[in-house]
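J.: To start, I am sharing the structure in question, which I have written as structure tokens.
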Amino acid sequence: MPGGARAARVDGVPKQAFRRDLLSVNYRQYRARQTEAAASSAEHRRHRARALARQIIAAHGPVLVVEDCDIRTWYRLWGKRLSQTAPGLLIAALERECQAAGGRFVPASTWSTALSQHCLCGERARKTLRDREHKCIVCGLAGKRDLVSAALAVFVRFTDVDDPKTAYLDTTASRHAQIIFSEGLEEALRESTTPCQNAPAGAGRVAVPRQRPGTSAPRTAGVRDRATPDEPPQGDHAGAPGPRPGCDRSSPSGELRITS
């Protein structure tokens with residue numbers, strides 16, 4: 001507090017209301033600069049989310065399937081560090097762009113699909129959030145975890161497209177596609193096609209660490225001194241669907257998958 005501890009009564013109520021405080025000119029200027037910087041940074045994040053959403057719609061079409069994850073869980077785990085990517089703003093921008101383009105934004109429950117826990121051949125490959133590489137012991141498919149999950153999202157089907165809990169993974173179609181595109185599939189799943197964009201630090205910009213060689217889509221990934229905590233089970237936003245042939249329940253992966 002600029003003036004130090006406030007004079008208060010025995011019950012803790014200040015003797016003078018905050019609205020009657022007299023602030024120095026320097027403090028008022030500092031507070032105005034801080035407010036302006038925060039507003040500039042927030043506008044930059046919104047603009048970046050809108051621009052990225054338009055790029056995704058232009059490349060993959062206006063019909064998108066995304067994992068129905070609880071963003072609040074991510075913030076409980078990683079806090080303000082999520083401001084570098086702002087996943088909530090991106091999801092909202094994608095939904096608006098899909099509607100504006102005449103398409104549809106379809107969320108799919110992670111309980112019934114478990115994209116990060118499956119391979120294209122249909123085999124279940126259990127991984128924690130710390131495991132960023134996919135390696136199937138049955139078919140031998142290897143690649144980046146996020147890219148394999150995004151490829152699997154193409155084969156998500158719905159009993160009721162308005163209900164995310166009715167989503168399921170069509171493993172027959174994914175296995176058929178794996179056989180047809182076997183030559184270039186593994187090469188495509190090894191590296192991200194997204195160019196690295198390092199945003200310079202400054203007013204209205206969010207600093208992004210430089211990408212290390214050999215890394216894929218997670219631009220802010222670094223060396224951790226402990227394992228990444230697994231995301232706890234989600235609430236009622238996705239729910240636990242009923243039994244479905246060929247689909248096992250699993251805990252949500254906590255990763256955003258977007259595909260056409």
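J.: Determine the sum of side-chain charges near residue 100: Lys and Arg each +1, Asp and Glu each -1, restricted to other residues whose C-beta is under 12 angstrom from that of residue 100.
T.: Residues near residue 100 contribute +2 overall.
J.: Could you go through region 141-147 in sequence order and give the Karplus-derived ³J(HN,Hα) for each residue, using 6.51 cos²θ - 1.76 cosθ + 1.60 with θ = phi - 60°, rounded to whole Hz, and x for Gly and Pro?
T.: Once θ is set to phi - 60°, the couplings for region 141-147 become 5, 10, x, 5, 4, 5, 5 Hz.
J.: Now for a different question. I need to check one value: relative contact order of region 45-199, counting alpha carbon pairs closer than 8 Å and at least 6 residues apart, in percent.
T.: 22 percent
J.: Please report the projected area of region 1-151's Cα convex hull averaged over all directions, in nm².
T.: Numbers: hull surface 60.0 nm².
With the hull built on Cα positions only, its mean projection is 15.0 nm².
J.: Using θ = phi - 60° and the Karplus form 6.51 cos²θ - 1.76 cosθ + 1.60, what ³J(HN,Hα) does each residue of region 11-17 get, whole Hz, x for Gly and Pro?
T.: Computed from phi, the couplings for region 11-17 are 7, x, 7, x, 6, 10, 5 Hz.
J.: Between residue 43 and residue 180, what is 0.36 nm times their sequence separation minus the Cα-Cα distance? Round to one decimal in nm.
T.: Stretched out fully, the residue 43 to residue 180 stretch lengthens by 44.8 nm.
J.: Ignoring ligands, DNA and RNA, what percent of the 1.4 Å accessible area of region 57-175 is carbon and sulfur?
T.: Reported share for carbon and sulfur atoms: 53 percent.
J.: Counting heavy atoms of the protein chains only and a 1.4 Å probe, report the per residue accessible area for region 117-185 as a whole number of Å².
T.: That works out to 51 Å² for each residue.
J.: Pop the C-beta distance of residue 131 and residue 170 into the FRET formula with R0 = 25 Å and round what comes out to the nearest 0.05.
T.: Working: r = 24 Å, r/R0 = 0.97.
Efficiency, rounded to the nearest 0.05: 0.55.
J.: Mind listing the long-range amide H neighbours of residue 108? Cut-off is under 5 Å, sequence gap 5 or more, other chains count too, H placed in the peptide plane at 1.01 Å from N.
T.: Excluding prolines and chain starts, which carry no amide H, the hits are 66, 67, 68.
J.: Between residue 8 and residue 92, what FRET efficiency comes out of the Förster formula 1/(1 + (r/R0)^6) with R0 = 45 Å and r the beta carbon distance, rounded to 0.05?
T.: With a Förster radius of 45 Å, E is 0.55.
J.: Post the alpha-carbon centroid distance, region 135-164 to region 102-122, in whole angstrom.
T.: 6 Å
J.: If you don't mind, another one. Residue 182 accessible area, nearest 10 Å², 1.4 Å probe?
T.: Accessible area, nearest 10 Å²: 70 Å².
The values are calculated or read from the model by the stated rules, or taken from the named source; none is laboratory data. Small disclaimer: the values here were computed from a predicted structure and weren't measured. Glycine gets a Cβ as well: all are built from the backbone with ideal geometry, and neighbour counts include every protein chain shown. Surface accessibility is based on the protein's heavy atoms, side chains included, excluding ligands, DNA and RNA. Shrake-Rupley method; radii C 1.70, N 1.55, O 1.52, S 1.80 Å.
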